[in-house]
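The values are calculated or read from the model by the stated rules, or taken from the named source; none is laboratory data. This structure is a prediction, so every number in the text was calculated from the model and none was measured. Please note: Cβ atoms are built from the backbone with ideal geometry, for glycine as well, and neighbour counts cover all protein chains shown. Accessible surface areas use protein heavy atoms only, side chains included; no ligands, DNA or RNA. Shrake-Rupley method; radii C 1.70, N 1.55, O 1.52, S 1.80 Å.
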Amino acid sequence: MKDKVLFFDTTLRDGEQSPGASMNLKEKMLVANQLEALGVDIIEAGFPISSPGDFESVKTIAQKIKNSSIAGLCRASQKDISCCWDAIKYSKKPRIHIFLATSDLHIEKKLMMTRAKVLDSAVKSIKYAKSFCKDIEFSAEDAGRSDMDYLCKVIEAVIDAGALTVNIPDTVGYTIPNEYGDKIAIIRKTVPNINKAVISVHCHNDLGLAVANSLAAIENGARQVECTINGIGERAGNASLEEIAMALKVRPNYYNIQTSIKSKEIYKTSKLVSKLTGIAVQVNKAIVGANAFAHEAGIHQDGMLKSRDTYEIMHPADIGVPESSLVLGKHSGRHAFFKKLKELGYKLNDKDSLSLFEKFKVLADKKKVIFDDDIVSIAEENAASTKEIFSLNYMSATSGTGTIPTATVRISKLNENNKPAEIIQEAACGVGPVDAAYRAIDKATKMDITLIDYSIKAVSSGEDALGEVFLKTKYKGLIYSGKGTSIDIVEASAKAYMQAINKAANMSKAQ
Ligand code: KIV
Ligand code: ZN
């Protein structure tokens, strides 16, 4: 039988540490469900002690996810470990993930400890964690720059203490594939009890080598890879799940390794993570970039027409790129729309399907043709919607040469039963129509919110493509993101702003 490599996804923990990538509970739950559909073996749901929000999301994910193991991260301290256990204990397959640095640089400069103290602390923390849970992972932070003899000593001791997975992170993305592969080979050769644990690897991409290093480690016996969707993560990111999974799939004769990853779910997962984090996928990114399957050169196009494998080592369908991209229009009925939703992988109840159909009809009235990406966009906007406290009923914005950009809005303030308790109408001028709309919304909602980041991109193709706005705002020291899509970019901007305002208003209400 083929050897299996376990996929440990840390999009919700290391990935969420990417600047600006923070997601709310609802968004994290959507990602966790999709990671489970993708076949991820272990989902690292967060770092429970780091904030009450992180604790809640790890707990909720642990309660709801049934097939994947749920890991929580913690430092080597009793307080961290018991907090982590309190969050993950609801999982059918909980895992406590303890990290402690083993490089001299980290031990001396960051931890201000000695090698002996670190070893002792690692062992004690594993034993303590073991009193809660069988499945313990130990990560030797900055293993890539750690002294090999000392690293092997720590690994042996933590396995003796009960760690079932030992992770060898290249925390700062410093190592080179042959060198990193050799480290794994040395660990396998010299740590006497290594057969009692799974060797895991966790590579950062500072030199653009995270995937190459992970694959080199697999060749040398690592049997768990830690990675993220689209490679998001601290600094230059983590190893990208989709790249490792597809390398193993496209080159079976070379690796001879099996995985549980359902590659047809890759595209959908990538889109979802990009949408929810607001981190766009670079167009030439391997596997999931917009150009990954685009053939521009005449010679390539000619080759493709004669035989696809002349220039394609995998097919778009292998990662779940929908085959037909031109789909529905204003005359399409609900059955065609529901069928399309199903094809795109959405399993919705009747109420949600009908509500999406209404949104589709509104869009189809404005837009000649509806692409799959448009449908994915409205479906995900719906899934991630926030409970509304303020609802935008009407907005009009004018601008032009020689006129002062002006906007008028009508906003309902909703009560607990989602019924309008107050209707507010305001107008404002601004430096442009979006600015005018934002000022009018500020006046109407009386929320003193500050816009700190704004980006817009086209979701699909054509002159009437949907515009998608992603923005970040600050309110009472906390960051709230918002997303909005519309054929009209001022309306998309207003929707995104209203979503951020509603998130902030919900949070204020909860406090
Ligand atoms: O990069 C790293 O070392 C980590 C550990 C916490 C596993 O993220
Ligand atoms: Zn990391």
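Are any of the pairs Lys339/Lys361; Lys124/Lys196; Lys275/Lys472; Lys347/Lys509; Lys446/Lys483; Lys4/Lys89 more than 23 Å apart by Cα-Cα distance, and if so, which? The pairs that break the limit, which is 23 Å between Cα atoms, are Lys347/Lys509; Lys4/Lys89. Sites listed here are GluC sites (Glu not before Pro) in the stretch 334-433 whose DSSP assignment is loop and whose Cβ has at most 15 other Cβ atoms within 10 Å: Glu416. Extension gain for the segment Ser508 to Ser391, taken as residue separation times 0.36 nm less the Cα-Cα distance, is 40.4 nm to one decimal. Computed from point charges on the beta carbon alone (+1 for Lys and Arg, -1 for Asp and Glu), the dipole magnitude for the stretch 32-151 about its Cα centre is near 480 Debye.
Rolling a 1.4 Å probe across all protein chains gives Phe371 an accessible area of roughly 40 Å². Note on the stretch 114-264: dipole from Cβ charges, positive end direction compared against Ile155, Asn213, Gly181; the farthest Cα belongs to Ile155.
I'd like the accessible area for Thr171: 1.4 Å probe, protein heavy atoms, all chains in place, Å² to the nearest 10. For Thr171, the solvent-accessible surface is approximately 20 Å². For the residues Lys124, Lys28, Lys79, a 1.4 Å probe over the protein chains yields an accessible-area ranking, largest first, of Lys79, Lys124, Lys28. Rolled with a 1.4 Å probe across the full set of protein chains, the surface gives Ile452 an accessible area near 90 Å².
Axis of helix 489-510 versus longest Cα principal axis of the chain: the two differ by about 60°, to the nearest ten degrees. The share of Cα pairs per 10 Å bin across the stretch 3-277, counted from zero up to the longest distance, runs 7, 32, 39, 19, 2 percent. Using 0.36 nm per residue and subtracting the Cα-Cα separation, the extra length available between Arg115 and Ile452 on full extension is 117.0 nm. Loop only per DSSP, at most 10 neighbouring Cβ atoms within 10 Å: give me the GluC sites (Glu not before Pro) in the stretch 160-243, ordered by residue number. Within the stretch 160-243, no GluC sites (Glu not before Pro) qualify (loop, at most 10 other Cβ atoms within 10 Å). Under 20 Å of direct C-alpha separation, and excluding same-chain neighbours fewer than eight residues apart, Lys340 reaches these aspartates and glutamates: Glu265, Asp318, Glu323, Asp350, Asp352, Glu358, Asp365, Asp372, Asp373, Asp374, Glu380, Glu381.
Straightening the chain between Ala336 and Ala427 buys 28.7 nm, computed as 0.36 nm per residue apart minus the Cα-Cα spacing.
Remark: relative contact order (the chain) = 10 percent; criterion is Cα-Cα distance under 8 angstrom and separation of 6 or more residues.
Where both bridge residues fall in the chain, DSSP classifies roughly 50% of the beta bridges as antiparallel. Residue ranking by accessible heavy-atom surface, 1.4 Å probe, largest first, among Thr445, Thr408, Thr401, Thr190 comes out as Thr401, Thr190, Thr408, Thr445. The listed residues Tyr180, Tyr454, once ranked by accessible area (1.4 Å probe) with the largest placed first, stand as Tyr454, Tyr180. Ranked from largest, the principal axis spans of the Cα set of the chain equal 75, 63, 45 Å.
Measuring nothing but how far apart in sequence close Cα pairs (under 8 Å, 6+ apart) lie, relative to its length, the stretch 3-277 scores a relative contact order of 21 percent.
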